[in-house]
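The values are calculated or read from the model by the stated rules, or taken from the named source; none is laboratory data. These numbers were taken from a predicted model, which means no experiment stands behind them. Quick reminder, even Gly has a Cβ in these numbers, built from the backbone with ideal geometry, and neighbours come from all protein chains shown. Side chains included, ligands, DNA and RNA excluded: accessible areas come from the protein's heavy atoms. Shrake-Rupley method; radii C 1.70, N 1.55, O 1.52, S 1.80 Å.
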Amino acid sequence: GILSIAAANLGATNVLGLDVDSVAVRVARQNVRLNRREHIVRVALGSLPHHEVKPRSYDVAVANISALVVSEMAGALATSVKPGGRIVASGVLVDNKDQVERALVSAGTLLEETLVEGDWVTLVASVA
């Protein structure tokens, strides 16, 4: 929803937002229309891996979900991003940072930046 719209507003030309909650998908689609970004943003029900996500097709993948889910889908995130692209994992509690870092590195990414705000962490990794 909001991250997809923000990406479009920042210049992304092809955005796919995924959510496992059908209500969140419906609301996100409404917000995309309200923000007049439907020519850029598609919102679908599901998670990675997803049939609409071709390997190495995105410059950036953003996951604002729990550390456990980011860790479980680290490989699919890395596979969805073009070489030289970035993965941004946010919504991670500081206590779970190491788990997510290990999963991203195991998926073949290079950890580039760690941002901490209070109890929350955002990790940025690049894809080789």
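Solvent-accessible surface of the stretch 1-125, averaged per residue with a 1.4 angstrom probe and all protein chains in place: 58 square angstrom.
The charge dipole of the chain, taken about the Cα centre with unit charges on the Cβ atoms of Lys, Arg (+1) and Asp, Glu (-1), comes to about 680 debye, rounded to the nearest 20. Relative to the dominant Cα principal axis of the chain, helix 22-34 is inclined by about 60°. For Lys97, the accessible surface of its heavy atoms amounts to roughly 50 Å² (probe 1.4 Å, protein chains only, rounded to the nearest 10). Between Ala6 and Lys54, the contour length at 0.36 nm per residue exceeds the alpha carbon distance by 15.1 nm. Dipole of the chain computed with +1 at Lys/Arg Cβ and -1 at Asp/Glu Cβ about the Cα centre; of Ala61, Ala28, Ser47, farthest Cα towards the positive end is Ala28.
In this structure, the amide hydrogen of Leu16, modeled 1.01 Å from its nitrogen in the peptide plane, lies closer than 5 angstrom to those of Arg42, counting only residues at least 5 positions away or on a different chain. With axes computed from alpha carbons, what is the tilt in degrees of helix 97-106 against the longest principal axis of the chain, rounded to the nearest 10 within 0 to 90? For 97-106 against the chain, the angle is about 90 degrees.
For the set Glu117, Glu112, the ranking by accessible area, highest first and with no ligand, DNA or RNA atoms included, is Glu117, Glu112 under a 1.4 Å probe. Normalised by the number of residues in the chain, the mean separation of alpha-carbon contacts (under 8 Å, six or more apart) gives a relative contact order of 20 percent.
When each of the peptides 13-23, 37-47 is scored by how many other beta carbons lie within 10 Å of its residues on average, the order from highest to lowest is 37-47, 13-23.
Surface composition of the chain: carbon and sulfur make up 54 percent of the accessible area, probe 1.4 Å.
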